[in-house]
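Reading through the C-alpha cells given below for one structure.
The values are calculated or read from the model by the stated rules, or taken from the named source; none is laboratory data. Worth saying up front: this structure is predicted, and the values here are computed from it rather than measured. All Cβ positions, even for glycine, are placed from backbone atoms using ideal geometry, and neighbour counts span all protein chains on display.
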Amino acid sequence: MVSPTKKILLTTLLTNACRVLLAIMFMVSGFVKAVDPMGFFYKLKEYAVAFDITTFSDAWLLFFAIVIVGVEFVMGFFLLTGIYRKPVAVLTFVAMLFYTPFSLYLWLENPVSVCGCFGDALELTNQETFVKNIFLLLMAAVVCFNTSLYRRCISRSSRWAAVIFILIYTVLVEGMSLQHLPVIDFRPFAIGTNLREAVEDVPSQYEAVAVYEKGGEQREFATDALPDSTWSYIGSRNRLVAPARPAAVSNFSFIDLATDYDIAEDILADPGYVALLVIESVERADESRVDKINDLYDYCTEHHLPFYAATSSSEEALALWRKRTGAEYPTYWADNDMLKTAVRANPGLLLLKDGVVVEKWNIADVPAVDTMSGNSLSLLQEGVFDNYVKVMRGWRFWLLLFAIPMALILFIDMFAAPKKRDSEAAFPSDDEENE
C-alpha cells in the first residue's frame, strides 16, 4: 500500500511534469505562429471557407489570428512560471475540452487537410492532431485538478514584471512579423532555398543489394561489401533507401496571359541576379510604395537587369493597377497560394541568384534606388537597409531576447523578495491560487 506522503510526492511529480510539458507545447505552438501571424490568418480563412462562415471580414480574421496566437503563447508562459495558477489551469483545460472533439471532427470529416496548430514549422495530419490533443487534454486535467501541488517560479510581488515582459515580447514578435516579414521563416521560400531543387519532385531512392545464405540464415549485403565464400548467393533485389517526396514548392509558374508562355524555367536558369516582385492581389496591395517599385524597375531596365512581377489578380484588375500606379514592368499570372507562401507581403520582393533565394523584403523595407550606385542587383542584397530587421531574423535573437530579461527578472526576484517568497506556502490557499 502506498503511503499518503509517497502518494502526494508522486502526484506532485506527475502534476509538475504535465504542467511543464503543457507549457512547452503551448509556448512552442504559439511562438511558431506568432512569427508568422499572416500564415495563421490564412489558415483561419481556410477554416472559414470550409465551414461556410461569412460573418467576419478579413480584418476581423486577422485580429482573431493575432489575439489567439498571443493568448496561446502567454498561457504557456503562465503555466511554465506558475503565474495565475488556478485561472490559467482552468482555461487550459477548457481550451483542450474544445480542441479535442474539434480535432476529432477534423479527422473524421477532413474539411481541411492540415490543422495549422504548429504553423508552417510542423504539419500534422488531422489524425496526428487528435492523438496529440488526447494527451494534452489528459495532462490539462491533471494540472487543473492539482494546482495546489506546484509553486510559482516568480513571487506574487514580482509577477507584474514578468507579465509586462511577456506581453511586450509577444507584441514585438507579432508586430515585427506583420510590419516587415516573418522573423523566422519556415516556408520553402526561406532565404537560402535553392528553388531549382525545391520545385522538383524527389523520386524514391533504391540501392541494389545481394542476398546470401549461410547455415539457414539469409542476409542482405551491399554490392561493394560482399561476404566470403562460405556464404551462398541467393539473388539480388532493390532496397528502398528513401521514399518519394513531393516538390516543396508546387505550382511554381509565371504565365504570360497574352501568350501562355511560362517564364518559370527562365527565372531559375538565370545564373545572375533576378528581382521578382510579388503582388499577391493588386486589389488589396499597398500603393504607398509604388514610386519605390517604379524607380527600382527603371534602375533594372537601365542596367539590363531582369525584373519580373507576378500576381494572381485578373487582367482587368491588373489594368486598373497599371493605370493607378503607372506600372510599366512586365507582370505575369501566378498561383495565389504560391505567392502567399513566397513572401508575406503585398507587395513583396524576392531577390534570386542562380536559382537561390538570397534576400526578400516587405516592399517598405526595400532600399531606395538613390542609395545604390552601380549596375548590379547585389547592391540590394548588400545595400544600406534595415539592418536592425536583419539582426532580428532567426531563432537565436528571439531566444536571447526571451532568456536574458527572464533571467534578470528571476535573479532580482530571488534576492529582492526572499522573505515574501518564503511566506508563500507550497500548498497555497484558495484565495492565493486565484490571484
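Worth pointing out:
- Residue match in segment 126-133 (condition: among the basic types (K, R) and within 16 Å of E72 (Cβ to Cβ)): yes
- Scanning segment 161-208 for residues that are more than 27 Å from the chain's Cα centre (by Cα) and modelled with pLDDT under 90 yields S204, Q205, Y206, E207, A208.
- Any chance L136 is assigned by TED's automatic domain parsing to the domain that holds F40 and surrounded by fewer than 19 Cβ atoms within 10 Å (Cβ to Cβ): no
- Restricting segment 255-293 to residues that are of a type in the set (S, T, Y) and in a strand (DSSP E or B), the residue that is nearest to D370 (Cα to Cα): Y273
- Restricting R284, R245 to those that are closer than 30 Å to D58 by Cβ, exposed (fewer than 13 other Cβ atoms within 10 Å of the Cβ) and either modelled with pLDDT of 90 or more or of a type in the set (K, R) (or both) reduces the list to R284.
- Residue check, D260 assigned by TED's automatic domain parsing to the domain that holds L349, surrounded by 10 or more Cβ atoms within 10 Å (Cβ to Cβ), charged (D, E, K, R) and modelled with pLDDT of 85 or more: no
- Taking the numbered list (1) in contact (Cβ under 8 Å) with a residue 24 or more places away in the chain; (2) farther than 30 Å from L21 by Cβ in turn, D224 passes all entries but (1).
- Residues that are assigned to a loop (DSSP other than H, G, I, E, B), closer than 30 Å to M338 by Cβ and out of contact with any strand residue (DSSP E or B) (no Cβ under 7 Å at 6 or more places or on another chain) do occur in segment 238-246, at least one of them.
- When segment 59-96 is filtered for residues that are more than 19 Å from V20 (Cβ to Cβ) and in contact with a helix residue (DSSP H, G or I) (Cβ under 7 Å, 6 or more places away or on another chain), the ones remaining, listed by number, are L61, L62, F64, A65, I66, V69, G70.
- Condition broken by L44, with the remaining ones in (1) at pLDDT 90 or above; (2) part of a loop (DSSP other than H, G, I, E, B) satisfied: (2)
- Within segment 296-315, the residues that satisfy the criterion of being surrounded by fewer than 17 Cβ atoms within 10 Å (Cβ to Cβ) and more than 12 Å from A327 (Cβ to Cβ) are T301, E302, H303, H304, S314, E315.
- A residue that is free of Cβ contacts under 8 Å to residues at least 60 places away in the same chain and crowded, with 17+ Cβ neighbours inside 10 Å cannot be found anywhere in segment 164-183.
- Qualifying residue in segment 83-102 (condition: closer than 27 Å to V142 by Cβ, among the hydroxyl-bearing types (S, T, Y) and exposed (fewer than 15 other Cβ atoms within 10 Å of the Cβ)): no
- Some residue of segment 118-134 being among the aromatic types (F, W, Y), in contact with a helix residue (DSSP H, G or I) (Cβ under 9 Å, 6 or more places away or on another chain), modelled with pLDDT under 95 and more than 30 Å from G39 (Cβ to Cβ): no
- Here A48 fulfils each of the conditions (1) among the small types (G, A, S); (2) crowded, with 19+ Cβ neighbours inside 10 Å; (3) in contact with a Phe, Trp or Tyr (Cβ under 8 Å, 6 or more places away or on another chain) apart from (2).
- Scanning segment 32-52 for residues that are without any contact (Cβ under 8 Å) to a residue 40 or more places away in the chain and over 19 Å from V343 (Cβ atoms) yields L44, A48, V49, D52.
- Residue check for N346: crowded, with 19+ Cβ neighbours inside 10 Å and not hydrophobic (A, V, I, L, M, F, W, C): yes
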